[in-house]
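Undergrad: Please see the structure below; I have some questions.
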Amino acid sequence: MKVEYQEPGRPGLNGQDGLDGDDGMDGEDGSDGNDGSNGWTPKYTDEVYGDKIIKKLSDYISGTGSKPTENIGLYLSNSGFTANKDLAINYKGAMPQISFTIEQGNLIATII
């Protein structure tokens with residue numbers, strides 16, 4: 001009997017993926033982290049500059065941990081903080097116009 005050798009054929013196509021299994025059980029909660037620092041509150045000082053009232057960051061208060069020093073001595077501006085008082089926001093409101101009249105012996109103030 002004569003045995004002939006044949007080359008193996010090419011592998012077939014892969015089959016379809018099976019269905020996903022169920023999710024596993026949740027793990028135990030981890031331990032609580034350390035308490036963080038309490039935030040610092042900026043303290044502003046109003047300053048008269050020409051015909052403007054501007055706000056200067058003078059300090060930080062009521063926090064814990066290292067006290068911030070960033071921007072202390074600078075003025076609030078439309079783009080953050082500035083050392084240039086001319087660029088600082090003017091917080092002074094418009095002055096009302098007041099006129100006085102006397103009607104039948106009574107002083108009447110009109111505020112516009």
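Undergrad: Cβ under 14 Å from Met95's Cβ, Met95 left aside: what net charge do those residues give with Lys, Arg +1 and Asp, Glu -1? Please list the in-between numbers first.
TA: Working: positive: Lys52, Lys92; negative: Asp51.
So the environment of Met95 carries a net charge of +1.
Undergrad: Can you tell me the length gained on complete extension of the stretch Tyr5 to Asp17, counting 0.36 nm per residue apart and subtracting the Cα distance? Let's see the in-between values first.
TA: Details: separation 12, 0.36 × 12 = 4.32 nm, distance 3.47 nm.
Taking Tyr5 through Asp17 to full extension adds about 0.9 nm, to one decimal.
Undergrad: Can you give me the long-range amide H partners of Tyr49? Hydrogens built in the peptide plane at 1.01 Å from N, cutoff under 5 Å, separation of 5 or more residues or another chain.
TA: Ile54
Undergrad: In addition: Using a 10 angstrom Cβ neighbour count of at most 15 plus a DSSP loop assignment to flag exposed trypsin sites (Lys or Arg not before Pro), which longest range of the chain is free of such sites?
TA: My reading of the result: 3-91 is the longest stretch.
Undergrad: Give, as a single signed number, the net charge of other residues whose beta carbon lies under 15 Å from the beta carbon of Phe81, with Lys and Arg counted +1 and Asp and Glu -1. Before the final figure, lay out each step's value.
TA: Details: positive: Lys43, Lys55, Lys56, Lys85; negative: Glu47, Asp59, Glu70, Asp86.
Local charge sum for Phe81: 0.
Undergrad: In a GNM of the chain with a 10 Å cut-off on Cα contacts, which of Leu13, Leu76, Leu57 has the highest mean-square fluctuation?
TA: Highest fluctuation among the options: Leu13.
Undergrad: Let me ask another. Sum up the charges of everything whose Cβ sits under 15 Å from the Cβ of Glu70, counting Lys and Arg as +1 and Asp and Glu as -1, but leave Glu70 out.
TA: Working: positive: Lys43, Lys56, Lys67; negative: Asp59.
Result for the neighbourhood of Glu70: +2.
Undergrad: Taking just the alpha carbons, could you work out the radius of gyration and Dmax for the chain, both in angstroms?
TA: 38.3, 142
Undergrad: Next question, about the same structure. Which of the GluC sites (Glu not before Pro) across segment 1-84 are loop residues per DSSP, with 16 or fewer other Cβ within 10 Å?
TA: Glu4, Glu28, Glu70
Undergrad: Determine which lysines satisfy two conditions relative to Lys43: a Cα distance under 24 Å, and not lying fewer than 8 residues away in the same chain.
TA: Hits, sequence-local ones excluded: Lys52, Lys55, Lys56, Lys67, Lys85, Lys92.
Undergrad: With r as the distance between the Cβ atoms of Tyr91 and Thr64 and R0 = 25 Å, compute the FRET efficiency 1/(1 + (r/R0)^6) and round to 0.05. Spell out each step's value before the answer.
TA: Working: r = 30 Å, r/R0 = 1.20.
Taking R0 as 25 Å, the efficiency between Thr64 and Tyr91 is 0.25.
Just so you know, all these numbers are worked out from the coordinates, no wet-lab data involved. All values derive from a computational prediction rather than experimental measurement. Ideal geometry is used to build each Cβ from the backbone, glycine not excepted, and the neighbour counts take in all protein chains shown.
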